[in-house]
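K.L.:
Quick one: this structure, given as structure tokens, is what I'll be asking you about.
The values are calculated or read from the model by the stated rules, or taken from the named source; none is laboratory data. Keep in mind it's a predicted model, so treat the numbers as computed, not measured. Heavy atoms of the whole protein, side chains included, go into the accessibility calculation; ligands, DNA and RNA do not. Shrake-Rupley method; radii C 1.70, N 1.55, O 1.52, S 1.80 Å.
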Amino acid sequence: MEVAEKLREMGVKDLRDAIGINDKFQFIQELFRGDRDMYDRSVKTINECTSLQEAEYWIQRELKIYQ
């Protein structure tokens, strides 16, 4: 089961609580090239989004460029 599927079932209020420590370190290393600050800022920004569409738009606009 992928992380997205787990989160969808749980109804997450805060991503920081929903992402396990192993996944967090894997995300930092693989998705953020070891940049923990960028990971933390990204999770904080996504947490502040008021809808899935807003979060997806931000990810597409900001994080895709970072990759």
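K.L.:
Please work out the average accessible area per residue across the chain, using the 1.4 Å probe convention, and give it in Å².
P.N.:
I get 79 Å² per residue for this part.
K.L.:
Among the aspartates and glutamates, which have Cα under 18 Å from the Cα of residue 6 when same-chain residues fewer than 8 positions away are ignored?
P.N.:
Here the aspartates and glutamates satisfying the reach criterion relative to residue 6 are 14, 17, 23, 56.
K.L.:
So, one more: Consider the candidate values [x] 6.8; [y] 4.5; [z] 4.2; state which one is mean projected area of the Cα convex hull in nm² computed from the structure displayed.
P.N.:
[y]
K.L.:
Here's something else I'd like to know. Mean-square fluctuation check for the chain, GNM, Cα pairs under 10 Å: which of 52, 15, 31 is largest?
P.N.:
Top of the fluctuation ranking is 52.
K.L.:
Take the solvent-accessible surface of the protein heavy atoms, probe 1.4 Å, and return the percent of it on the chain that carbon and sulfur atoms account for.
P.N.:
51 percent
K.L.:
Right, next: With n ≥ 4 as the cut-off for DSSP H runs, can you work out [θ] at 222 nm for the chain, using -39500 (n - 2.57) per run divided by the number of residues, rounded to the nearest 500?
P.N.:
The helix contribution divided over the chain gives -17000 deg cm²/dmol.
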